[in-house]
Amino acid sequence: MRPVVARLKKVSSLKGSNILDIGCGYGALSHVLTKEGARCTGTEIDKNALSFAKRFSSTILKKSRPRLLRVRGELLPFKNNSFDIVVLFDVIEHVGKPSIVLKESQRVLKKNGILYVEFTPYYSLVGHHLYDYAKWPIHILPKKMIKKIVLSKKTNNFFSNKDVWAQFVSLNKLKISNFQKMVSKLQKIEERFIVKYSDIFEINLSFLNYLGRFKDYFTFSFEGLYRKA
Ligand SMILES: C[S@@+](CC[C@H](N)C(=O)[O-])C[C@H]1O[C@@H](n2cnc3c(N)ncnc32)[C@H](O)[C@@H]1O
């Protein structure tokens, strides 16, 4: 969560800002942003994740807490131009209709507002959604084999193998170029093509942007910061 906060702080003040964290999950980022002094709204479609986020919130935050709402990213119940910052952290590749979620995100952003998006490209060969299960690209195997590997693995994760599999098969396979078209009306501040290996090294290879459709293969994680003109 820390790198996201640091990137946002470089382009906008968080204190007093009205921030929307779409697909907030268990609410970790919404809480960190609230602690930084932002007025944060976290939205989530998953009932269980949201109730966890609410319980977490009442346990760890004494004064101000994020507003947590059960809302689909495709249909945001907010007025036009109402947020200073909209965040989609590890979310856009999970939603049913990414282009609609991005349209909605842009609609609710104020003029000069910031959109921050981070996602793992589905077709990445170096980092993918099953990275915790195998450091090699198991997602290119036939589906039956992937399922067997995922369900048979012994893990101590917070999420069960079944949850991980369900999440994997629901990915929308968004490609970086398609995403870039969806935000082309915004002013680009920065795009980062992160390549990393476990926690050992991490580097931003901006030239990957020039590799056309191959950029997805070598990007572990894509990050974009944009401004609404
Ligand atoms: C991988 S999790 C990331 C959660 C959180 N942003 C984080 O980084 O901890 C993706 C989240 O997106 C949520 N999600 C999926 N589709 C959504 C939609 N259409 N609208 C809002 N949230 C959605 C899921 O329920 C899930 O909690």
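The values are calculated or read from the model by the stated rules, or taken from the named source; none is laboratory data. This is a predicted model, so every value here is computed, not measured. FYI the Cβ positions are ideal-geometry reconstructions off the backbone, even for glycines, and counts take in every protein chain you see.
Key figures
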item: Enumeration of residues in the range 70-96 that are surrounded by fewer than 15 Cβ atoms within 10 Å (Cβ to Cβ) and touching a helix residue (DSSP H, G or I) at 6+ places or on another chain (Cβ under 9 Å); result: R70, L75, K79, N80, N81
item: Single condition F158 does not satisfy, out of (1) more than 18 Å from the chain's Cα centre (by Cα); (2) part of a helix (DSSP H, G or I); (3) modelled with pLDDT under 95; result: (2)
item: Matching residues in the range 187-218 - criterion: being farther than 16 Å from T120 by Cα and under 18 Å from the mean Cα position of the chain (by Cα); result: K188, I189, E190
item: Condition broken by K143, with the remaining ones in (1) within 27 Å of E190 (Cα to Cα); (2) outside the structural domain of E190 (by TED's automatic domain parsing); (3) among the basic types (K, R) satisfied; result: (1)
item: Of residues in the range 12-32 being closer than 23 Å to L75 by Cα and among the aliphatic types (A, V, I, L, M), the one farthest from the ligand (Cβ to nearest atom); result: I19
item: Residue within the range 36-47 that is of a type in the set (K, R) and more than 30 Å from G127 (Cα to Cα) present; result: yes
item: Any chance L171 is touching a residue at least 60 places away in the same chain (Cβ under 8 Å), part of a loop (DSSP other than H, G, I, E, B) and touching a helix residue (DSSP H, G or I) at 6+ places or on another chain (Cβ under 7 Å); result: no
